[in-house]
Amino acid sequence: MTTAADAGAADARHSGITVAEPPAVTLSAAPDRGEAAAHAEALFVEAFGYAPDGVWSAPGRVNIIGEHVDYQDGLCLPMAISHRCFAAAARTPTDRLRLRSAQDDLILDLDARELEPGAVEGWPAYVAGVLWALRPHISGASTQGMDIMIDGQVPLGAGLSSSAALECSAAEAIDALLSLGTEPLQRVQAAITAETDFAGASTGGLDQSASVLSRAGHALFLDCRDFSTRPVPWDLASQGLALLITDTRAEHSHVDGEYTARRADSERAAELLGVDTLRDADVAQLQELLAGIDDEVVRRRARHVLTEIQRVKDVDALLASGTVREHVTELGALLDASHDSLRDDYEVTVAQLDVAVDAARAAGAHGARMTGGGFGGSTIALVEAEQAQPVAAAIASAFVEHGFSAPEFFLALPSEGAGQDR
Ligand code: GLA
């Protein structure tokens with residue numbers, strides 16, 4: 001297959017100009033869901049020597065807009081991606097929780113009744129933590145033993161919520177194995193509790209909501225005040241559009257500390273404005289509100305959160321009055337504005353994120369922004385479908401010029417939230 005990068009290199013050779021060979025780019029697709037689920041089942045049989053009761057899975061996510069607002073009761077618009085985490089699992093007549101993973105040699109084998117925060121480390125904490133968080137739904141008499149084989153297909157460290165996919169696939173499996181009959185929102189809550197209270201990582205709930213509640217072909221309008229949601233049509237493929245994900249491969253450093261610091265800044269802003277959360281501030285009075293905050297840094301943090309919530313409202317209004325195609329220019333401008341605000345006011349971008357966004361815009365993307373928590377991770381670019389490859393090539397070239405490690409590219413297809421596969 002001839003890629004745009006090949007064609008560009010051939011043109012340059014014919015014109016006699018010597019240019020650095022543009023890097024070849026591949027837009028990776030997620031493994032086929034049915035095949036991946038069958039593979040997880042086979043891995044379970046290999047590890048435990050008998051067939052599982054079922055296979056459950058949950059997807060990673062990208063956030064289209066509404067970044068760093070979930071912990072201020074804000075509005076977000078994420079979508080599930082096609083990369084998923086699979087959990088093949090069986091109930092056992094014991095109280096042992098036995099965990100294995102296709103990605104790691106570590107084996108966890110402990111008494112499920114003795115689970116407590118701090119008792120488990122690494123990725124198993126995100127599974128054991130869900131069982132611990134679901135305890136209020138478990139009747140006292142029943143045993144809690146189970147065997148679980150995890151096969152995580154969401155790229156790790158890419159800011160695409162591989163941990164939420166892990167927690168939410170575990171929540172589906174545990175709910176079914178122990179016949180808990182929980183509501184989807186209760187599983188979202190258990191996954192959040194597992195991450196914050198058991199694994200000790202901070203999260204605002206965006207990722208877990210997207211992983212459990214998303215619908216195929218749709219984005220998810222999420223109101224973090226009460227975690228209410230509704231699907232919003234986001235079928236780009238049928239409109240000749242695509243959402244290009246660039247995993248910058250930038251090392252995440254100081255993420256936890258910086259994330260906590262941003263949350264603290266936004267809490268301080270709410271306090272100074274005399275509101276419980278920044279969602280309660282009246283954005284129509286933006287200038288007056290900001291003028292009331294003396295601390296220059298806190299003022300910029302507040303400006304990001306307040307304007308970002310407004311941008312989500314603007315995107316939602318556009319999508320209520322027409323298709324993505326009909327509003328593609330305005331939507332692209334809102335994505336751009338979101339990135340600029342995260343870069344300048346919230347200061348959560350790194351050079352790789354800014355370069356990827358700038359290169360995508362220069363190569364003709366309608367809009368581009370970082371997605372997720374920042375400090376590394378991924379960007380998204382709203383592009384014409386036939387431009388996905390050339391835009392990716394332009395980002396790859398810009399990374400070569402800057403001496404960054406090669407990025408990885410995926411297409412974000414709006415996928416179905418967590419559920420049972422087999
Ligand atoms: C991380 C957190 C989310 C959210 C985003 C930023 O992904 O886990 O809860 O705060 O950062 O929007």
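The table below gives the values:
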item	result
Cβ pairs under 7 Å, 6+ apart, first in segment 35-61 and in a loop (DSSP other than H, G, I, E, B), second of a type in the set (D, E, K, R)	PRO52/GLU41; ASP53/ARG91
Contacts under 6 angstrom Cβ, first residue in segment 216-237 being in the same structural domain as GLY204 (by TED's automatic domain parsing) and within 20 Å of SER82 (Cβ to Cβ), partner polar (S, T, N, Q) and surrounded by 16 or more Cβ atoms within 10 Å (Cβ to Cβ), 6 or more apart	ALA216/SER415; LEU220/SER214; LEU220/THR229; LEU222/SER209; LEU222/THR229
Index of the failed condition, ILE174 passing every other in (1) out of contact with any strand residue (DSSP E or B) (no Cβ under 6 Å at 6 or more places or on another chain); (2) within 30 Å of GLU251 (Cα to Cα)	(2)
Residue within segment 202-224 that is charged (D, E, K, R), closer than 22 Å to THR379 by Cβ and crowded, with 22+ Cβ neighbours inside 10 Å present	yes
Criterion violated by ASP109 - all others in (1) surrounded by 19 or more Cβ atoms within 10 Å (Cβ to Cβ); (2) at pLDDT 95 or above satisfied	(1)
Residue check, VAL275 more than 22 Å from the chain's Cα centre (by Cα) and either in the same structural domain as LEU220 (by TED's automatic domain parsing) or under 26 Å from GLY332 (Cβ atoms) (or both)	no
Pairs where the first residue, in segment 90-111, is more than 22 Å from GLY152 (Cα to Cα) and the second is of a type in the set (Ser, Thr, Tyr) and in a loop (DSSP other than H, G, I, E, B), C-beta under 7 Å, 6+ apart	PRO93/THR143; THR94/THR143; ASP95/THR143
Search result, residues across segment 395-421 that are within 20 Å of SER169 (Cα to Cα) and in contact with a Pro (Cβ under 8 Å, 6 or more places away or on another chain)	SER415, GLU416, GLY417, ALA418
GLY181 being more than 30 Å from SER28 (Cβ to Cβ) and either assigned to a strand (DSSP E or B) or within 15 Å of the ligand (Cβ to nearest atom) (or both)	no
Checklist (1) within 14 Å of the ligand (Cβ to nearest atom); (2) touching a His at 6+ places or on another chain (Cβ under 9 Å) applied to PRO231, failing item	(1)
Residue within segment 142-151 that is under 14 Å from GLN208 (Cβ atoms) and at pLDDT 95 or above present	no
In segment 353-368, residue nearest to GLU386 (Cα to Cα) [restricted to those that are more than 18 Å from the chain's Cα centre (by Cα) and of a type outside the set (Gly, Ala, Ser)]	HIS366
Flag for GLN186 being farther than 30 Å from VAL275 by Cα and away from the ligand (no atom under 16 Å from the Cβ)	no
Every residue from segment 240-259 that is surrounded by fewer than 16 Cβ atoms within 10 Å (Cβ to Cβ) and either modelled with pLDDT of 95 or more or in contact with a Cys (Cβ under 9 Å, 6 or more places away or on another chain) (or both)	GLY240
Helices (runs of 4 or more DSSP H) completely within segment 283-402 that count 2 or more residues being over 19 Å from ARG268 (Cα atoms) and in contact with a Gly (Cβ under 8 Å, 6 or more places away or on another chain)	296-320, 328-344, 351-362, 388-402
Positions within segment 60-95 being surrounded by fewer than 22 Cβ atoms within 10 Å (Cβ to Cβ) and under 19 Å from ILE148 (Cα atoms), in sequence order	ALA90, ARG91, THR92, PRO93, THR94, ASP95
Pairs with Cβ under 6 Å, 6+ apart, first in segment 196-214 and more than 11 Å from the ligand (Cβ to nearest atom), second among the hydroxyl-bearing types (Ser, Thr, Tyr)	ALA199/TYR126; LEU213/THR229
Tally of residues being away from the ligand (no atom under 16 Å from the Cβ) and out of contact with any Asp or Glu (no Cβ under 8 Å at 6 or more places or on another chain) across segment 370-401	20
Odd one out for ASP276 among (1) in contact with a helix residue (DSSP H, G or I) (Cβ under 8 Å, 6 or more places away or on another chain); (2) within 30 Å of GLN389 (Cα to Cα); (3) not in a helix (DSSP H, G or I)	(2)
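Yes/no matrix, rows are residues, columns are (1) under 25 Å from the mean Cα position of the chain (by Cα); (2) of a type in the set (Phe, Trp, Tyr); (3) within 24 Å of GLN189 (Cα to Cα):
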residue	(1), (2), (3)
THR92	no, no, no
ALA102	yes, no, no
ILE107	no, no, no
GLU114	no, no, yes
GLU121	yes, no, yes
TYR126	yes, yes, yes
TRP132	yes, yes, yes
SER142	no, no, yes
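The values are calculated or read from the model by the stated rules, or taken from the named source; none is laboratory data. Keep in mind that what you see is a predicted model, and the values were worked out from it rather than measured. FYI the Cβ positions are ideal-geometry reconstructions off the backbone, even for glycines, and counts take in every protein chain you see.
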